[in-house]
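Novice: I have a structure here, written as C-alpha cells, and I will follow up with some questions on it.
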Amino acid sequence: MGGVEDEEPATKRMKLSFGELRGLSNGTSLIEPVAGGSSRDLMARPLPSAGDEEVVGSKGIIKRVEFVRIIAKALYSLGYKKSGAHLEEESGISLHSSVVNLFMQQILDGNWNESVITLHKISVLDERIVKSASFLILEQKFFELLDGEKLLDALMTLRTEIAPLCINVRRVHELSSCLVAPSFFDSLGQDNVRVKSRTKLLEELQELLPPTIMIPERRLEHLVEQALVLQRDACFFHNSLDEEMSLYADHQCGSDQIPSRTLQILQAHSDEVWFLQFSHNGKYLASSSKDRSTIIWEVDVNGGLSLKHRLCGHQNPVSSLSWSPDDHQLLTCGVEEAVRRWDVASGECLHVYEKPGLGLVSCGWFPDGKWISSGISDKSICMWGLDGKELECWKGQRTLKISDLEITSDGKQVISICRETAILLLDREAKFERWIEEDQTITSFSLSKDNKFLLVNLLNQEVHLWNIQGDVKLVAKYKGHKRTRFIIRSCFGGTEQAFIASGSEDSQVYIWHRGTGELIETLPGHSGAVNCVSWNPVNPHMLASASDDRTIRIWGLNDRNVKHKGAHCNGIHYCNGKT
C-alpha cells in the first residue's frame with residue numbers, strides 16, 4: 001500500500017516514518033542494514049491511478065491512499081508522531097516507501113554516495129530530476145568537506161562527481177571559487193551547523209521530488225486554506241475578518257454583515273458637514289463643515305465616538321482634510337484659502353500654508369510624512385516641507401479650483417482633477433503624465449488602499465471604477481444614487497475593500513458590491529443630502545456619513561443586541577435605528 005511494493009511489516013514501516021526521521025540528530029540512525037535483499041525490493045513505485053482505486057467522500061474523487069498519507073503527514077508535521085505511526089500501522093498505508101525512508105536516513109546521516117545510489121533506485125524519477133537532486137546532495141557533501149578542511153577531498157568531489165553532471169555550470173564555478181578563496185564560502189551564506197543544513201537539504205529535495213514520492217510540507221493545511229479562501233471569495237456579502245471563519249461549517253455571510261443600522265448621530269457641527277475621513281488606524285474620525293470648523297472624533301474600544309477636539313481658525317468653510325501616515329497630524333483645507341496642519345493629540349495648529357494672492361484648494365501627505373502637497377487656485381500643484389518651504393511646483397493645468405488630491409503610498413504619483421472631464425496621474429519621478437478621460441464632468445474621486453484603482457464620481461449620477469495600473473482601464477460602473485447640484489463623494493470599504501459606498505442627494509447612503517456592481521443596501525436616515533461617506537479601514541462593520549442636515553451618522557451591523565453605555569454630551573445621540 002502507499003504506492004510501494006514491499007513485504008515489510010507495518011511495525012517496521014511505522015518506525016521509519018518521516019516524523020521520526022525529522023527528529024533525528026546527526027550521526028544517529030533508525031534504519032537497520034538491508035541484508036539479503038535485492039535492489040528490486042527497494043524500488044519505489046508510483047501510487048496506482050487506476051479508476052477502480054478505493055475512494056472516500058460523497059463525490060468519489062478523493063483517493064483513500066492519498067487521503068490517509070496526507071493525514072499522516074499532517075500528524076507528523078504537528079508533532080503527533082505516535083498518532084502518525086499508529087495511522088500508518090492501522091491503515092496499512094505507509095507515508096513513505098522503504099526506499100524513500102532509506103534515502104532520507106542516508107541524507108540525515110551524511111552518507112552522500114549511498115544516498116545518490118538510492119536516489120537512482122526511485123524508478124519514477126526522470127533523468128533531469130535525478131541529476132538536479134544529485135547536484136544538491138553532492139554540493140552538500142562538498143561544503144561539509146570544505147568545512148572540515150578536507151580540501152583535496154572537496155576538490156575530487158567537485159571534479160569527479162559534481163562537474164560530470166553537466167548542469168548548473170554557474171554554480172560549479174562558484175564552488176570552485178570556494179576552494180580558491182575560502183572567504184567566498186562565507187559569502188554564500190552556508191550554514192555550518194550540519195544537522196540544520198542536512199534538514200534544510202531534505203526540505204529542498206522534497207520540493208524537487210514528485211509529491212507522490214515525498215508529500216509536500218503542510219499539504220493538508222494548504223488544501224484546507226484553499227477551500228476556505230474559495231468559500232470566502234464566493235461569499236457575496238463577505239465582510240468579516242478571516243479569523244472569524246471556521247472549519248466547522250461552510251462559510252456564508254448574510255446581508256447582516258453590512259453596516260446598515262444607525263448606531264450614533266453626531267450633532268456637534270452647526271452647519272452642513274461636507275467632508276469626513278477615518279484615520280488609517282481607525283481610531284479617529286475627522287469631519288469638516290461649512291461652519292468653518294473641523295472636529296476630531298475618537299473611537300473607543302466599544303465602537304462609540306466622542307468629540308476629542310474642535311479645530312477652528314479657517315476663514316472659509318473647510319472643504320477637505322487628510323490624515324498623516326502615522327495619524328499623529330491632520331491637514332485641513334479651507335475653500336480657496338489656506339491649509340492648516342494640526343497636532344491630533346493636543347489639537348494645536350502647527351503650521352499654516354499659504355500662497356500670497358492665491359487660494360489652496362486641496363491637501364495631501366507624502367508617505368514619509370515629511371512633505372505635503374496642495375492644489376492651488378491658479379491650477380498648479382505645489383509640494384511643501386513641513387516648515388512651509390515650497391520644494392516643487394507643477395505649473396499648468398494640473399488641478400481645478402474645486403478638486404481632490406491623492407498621493408500613492410510609494411510617493412511616486414500625484415493624482416488630481418486637471419480638467420472637468422479628466423484626471424491627471426502625474427509620475428513625479430519619471431516626469432510622466434497619464435490621464436483618465438471621462439465623457440461627463442468629474443466631481444470627486446477616491447484612491448483604493450492598494451493604489452491600483454480609482455473611484456470616480458460623475459455629474460451623470462454614476463460612479464466609475466478605473467484600474468490605473470499600466471494603461472488605465474474602466475472596469476465597473478455603479479448606478480442608483482442621486483446627484484444634480486452638489487459634490488457627492490464615494491469610498492471603498494469593507495473587508496478587502498469589497499464594497500463601494502456613496503452619498504446621495506436623496507438623503508440616503510448607497511452601498512454596492514464592488515465586483516458585481518449590484519446595489520445591495522440603501523440606508524435612509526439623513527434629512528439632507530449626504531455629501532461624503534467614509535468606511536473605517538480597520539473595522540469593516542463601521543461606516544460614517546456626513547450630511548447637509550448638519551449631522552454625522554455612524555452605521556453598524558443590524559444587531560438589536562448591541563448596547564451602548566449612557567449617551568455622551570457634546571452633541572452625540574445614540575439611536576435605535578430611527579431618528
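Novice: Do the conditions hold for Ile520, that is, is it at pLDDT below 95, assigned to a strand (DSSP E or B) and of a type in the set (Val, Ile, Thr)?
Specialist: For Ile520, the condition - at pLDDT below 95, assigned to a strand (DSSP E or B) and of a type in the set (Val, Ile, Thr) - is met.
Novice: Checking the structure you have, find out if any residue of the stretch 453-475 is surrounded by 20 or more Cβ atoms within 10 Å (Cβ to Cβ) and not in a strand (DSSP E or B).
Specialist: Yes, because at least one residue in the stretch 453-475 is surrounded by 20 or more Cβ atoms within 10 Å (Cβ to Cβ) and not in a strand (DSSP E or B).
Novice: Something else now. Assess whether Lys150 counts as being surrounded by fewer than 19 Cβ atoms within 10 Å (Cβ to Cβ), within 23 Å of Ser98 (Cβ to Cβ) and at pLDDT below 95.
Specialist: Criteria not met by Lys150.
Novice: Taking the options Glu7, Glu66, name whichever one is surrounded by 13 or more Cβ atoms within 10 Å (Cβ to Cβ) and either of a type in the set (D, E, K, R) or at pLDDT below 90 (or both).
Specialist: Glu66 is the lone residue from the list that is surrounded by 13 or more Cβ atoms within 10 Å (Cβ to Cβ) and either of a type in the set (D, E, K, R) or at pLDDT below 90 (or both).
Novice: Please find, among Ala85, Ala133, Ala154, the residue that is within 23 Å of Leu223 (Cα to Cα), part of a helix (DSSP H, G or I) and small (Gly, Ala, Ser).
Specialist: Step by step, each of Ala85, Ala133, Ala154 is checked, and only Ala85 is within 23 Å of Leu223 (Cα to Cα), part of a helix (DSSP H, G or I) and small (Gly, Ala, Ser).
Novice: Residues to consider are His526, His481; find the one that is assigned to a loop (DSSP other than H, G, I, E, B), buried (at least 22 other Cβ atoms within 10 Å of the Cβ) and at pLDDT below 95.
Specialist: When all the criteria are applied, what remains is His481.
Novice: Oh, and also: When you go through Ser446, Ser504 one by one, which is the residue that is in contact with a Phe, Trp or Tyr (Cβ under 7 Å, 6 or more places away or on another chain), under 21 Å from Gly282 (Cβ atoms) and among the polar types (S, T, N, Q)?
Specialist: Ser446
Conditions (1) surrounded by fewer than 23 Cβ atoms within 10 Å (Cβ to Cβ); (2) of a type in the set (Gly, Ala, Ser); (3) more than 34 Å from the chain's Cα centre (by Cα), marked per residue:
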{"site": "Ile71", "(1), (2), (3)": "yes, no, no"}
{"site": "Ala74", "(1), (2), (3)": "yes, yes, no"}
{"site": "Ser77", "(1), (2), (3)": "yes, yes, no"}
{"site": "Tyr80", "(1), (2), (3)": "yes, no, no"}
{"site": "Ser83", "(1), (2), (3)": "yes, yes, yes"}
{"site": "His86", "(1), (2), (3)": "yes, no, yes"}
{"site": "Gly92", "(1), (2), (3)": "yes, yes, yes"}
{"site": "His96", "(1), (2), (3)": "no, no, yes"}
{"site": "Gln105", "(1), (2), (3)": "yes, no, yes"}
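Novice: Just to verify a result, which residue in the stretch 105-156, among those that are touching a Pro at 6+ places or on another chain (Cβ under 9 Å), touching a residue at least 60 places away in the same chain (Cβ under 8 Å) and not β-branched (Val, Ile, Thr), is nearest to Ile167 (Cα to Cα)?
Specialist: Here the residue is Leu125.
Novice: If you don't mind, there's one more thing I want to ask. How many residues does the stretch 417-437 hold that are open to solvent by less than 20 Å² (accessible area, probe 1.4 Å) and not small (Gly, Ala, Ser)?
Specialist: Qualifying residue count, the stretch 417-437: 7.
Novice: Somewhere in the stretch 246-269, is a residue without any contact (Cβ under 8 Å) to a residue 24 or more places away in the chain, among the hydrophobic types (A, V, I, L, M, F, W, C) and closer than 23 Å to His513 by Cα?
Specialist: Within the stretch 246-269, one or more residues are without any contact (Cβ under 8 Å) to a residue 24 or more places away in the chain, among the hydrophobic types (A, V, I, L, M, F, W, C) and closer than 23 Å to His513 by Cα.
Novice: Here's a follow-up. What residue, among those in the stretch 539-579 that are among the β-branched types (Val, Ile, Thr) and at pLDDT below 95, is farthest from Leu305 (Cα to Cα)?
Specialist: Thr579
Novice: Can you pull out the residues in the stretch 318-337 that are surrounded by fewer than 19 Cβ atoms within 10 Å (Cβ to Cβ) and touching a strand residue (DSSP E or B) at 6+ places or on another chain (Cβ under 8 Å)?
Specialist: Correct list: Pro325, Asp327, His328, Glu336.
Yes or no, residue by residue, for (1) touching a residue at least 24 places away in the same chain (Cβ under 8 Å); (2) touching a Gly at 6+ places or on another chain (Cβ under 7 Å):
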site: Cys349; (1), (2): yes, yes
site: Gly359; (1), (2): yes, no
site: Phe366; (1), (2): yes, yes
site: Ser373; (1), (2): yes, yes
site: Ser377; (1), (2): yes, yes
site: Ile381; (1), (2): yes, yes
site: Phe432; (1), (2): no, no
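Novice: Can you name the residue in the stretch 484-503 that is hydrophobic (A, V, I, L, M, F, W, C) and in a loop (DSSP other than H, G, I, E, B) and, of all such residues, is surrounded by the most Cβ atoms within 10 Å (Cβ to Cβ)?
Specialist: It comes out as Ile488.
Novice: Follow-up question, since we're still on this one. When you scan the stretch 272-317, how many residues do you find that are under 19 Å from Asp404 (Cβ atoms) and surrounded by fewer than 18 Cβ atoms within 10 Å (Cβ to Cβ)?
Specialist: The number of residues fulfilling the criteria is 2.
Novice: Turning to a different aspect of this structure: Give the residues of the stretch 197-219 that are outside any helix (DSSP H, G or I) and either surrounded by 19 or more Cβ atoms within 10 Å (Cβ to Cβ) or of a type in the set (Lys, Arg) (or both), sorted by residue number.
Specialist: Leu209, Ile213, Met214, Ile215, Arg218
The values are calculated or read from the model by the stated rules, or taken from the named source; none is laboratory data. Small disclaimer: the values here were computed from a predicted structure and weren't measured. Cβ: placed from backbone, ideal geometry, glycine included. Neighbour counts: every protein chain shown. To get the accessible areas, we keep the full protein, side chains included, count just its heavy atoms, and leave off ligands, DNA and RNA. Shrake-Rupley method; radii C 1.70, N 1.55, O 1.52, S 1.80 Å.
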